[in-house]
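Reading through the structure tokens given below for one structure.
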Amino acid sequence: MFQAKDIVALQKSTVARWHQAPVEITGEGLMSIACQQHAFNYNLWHEEDIARSRDVTDTQIAQVKRNIDQLNQNRNDWIEKIDDAISDYLDSISINAAHDAPINTETPGSVIDRLSIIAIRIYHLEEQLERTDVDQKHTDSVKQKIAICKLQRDELATALDQLMDSFQSGAKRHRTYRQFKMYNDPALNPYLYAKRAA
């Protein structure tokens, strides 16, 4: 269906491109879904930066908070879309894992989400290496962080490939875990439905 290296390459290339041009979704099938999910993380990262700024007004912070809530909702919705696409694929090739086959504690969509965040983090850490207003201690610290992030990315990508192999062999069962985020739902957020009733 896909290899983790292709997801990693997509996330790396789009982060670099999106910093120079508008966000554009690329790829087909699951790669397009993963790209859209990655875009939500990309935009979320930059909204979080604004939220921590000391030179914006309270009104701007309120809007940023709303933006963050919506982007986080979208991010989680699209993790589920990735997992749904994987379920559809496994169904299409008639994979029927044994009823008692183990379920992984983390879904492929969640792994791809973590890889997305690592790609964004590496990009921004590498930006730090271009600074001329920092000392060598700062640069060395950043280089160490980049090395750790790249190791984590590579290990996570390997684990993703292994997980997909275990699904395709029937050694593990795949399931989309519904997160049912409540804070944006006016029927489930007590503050929202209480205000509406009043």
Which of the pairs LYS81/LYS145; LYS150/LYS181; LYS5/LYS145; LYS12/LYS81; LYS12/LYS137 have their Cα atoms more than 25 Å apart in this structure? LYS81/LYS145; LYS150/LYS181; LYS12/LYS137
Ranked on Cβ counts within 10 Å of their own Cβ, fewest leading, ILE112, ILE93, ILE68, ILE86 go ILE93, ILE68, ILE86, ILE112
Quick shape check on the chain: root eigenvalues a ≥ b ≥ c of the Cα gyration tensor, a/c under 1.5 is rounded, otherwise prolate if a/b tops b/c, else oblate, and it reads oblate
Relative contact order (percent, whole number), the range 1-98, Cα cutoff 8 Å, 6+ residue spacing: 29
Where a ≥ b ≥ c are the square roots of the eigenvalues of the C-alpha gyration tensor, would you call the range 125-190 rounded, which needs a/c under 1.5, or, failing that, prolate if a/b is larger than b/c, or oblate? oblate
Relative contact order of the chain, please, whole-number percent, based on alpha carbon pairs below 8 angstrom and at least 6 residues apart. 28
Assuming a ≥ b ≥ c are the square roots of the Cα gyration tensor eigenvalues, decide whether the range 30-106 counts as rounded (a/c under 1.5), prolate (otherwise, with a/b larger than b/c) or oblate. prolate
Among ARG17, ARG175, ARG54, residue whose mean-square fluctuation peaks in a GNM of the chain (springs only between Cα atoms under 10 Å): ARG54
State the Cα centre-to-centre distance between the range 1-68 and the range 77-113 in whole Å. 23
Under the helix-only model (-39500 (n - 2.57) for each DSSP H run of 4 or more, divided by the residues of the chain), the mean residue ellipticity at 222 nm, to 500 deg cm²/dmol, is -24000 deg cm²/dmol
Let me know the charge dipole size of the range 4-180 about its Cα centre in debye, to the nearest 20, where only the beta-carbon of Lys, Arg (+1) and Asp, Glu (-1) is charged. 280
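Read-outs: derived from the displayed coordinates by stated rules, not from any lab. Computed from a prediction, not measured in an experiment: that's the story for all the values here. No Cβ is skipped: glycine too gets one built from the backbone with ideal geometry, and neighbour counts run over all protein chains shown.
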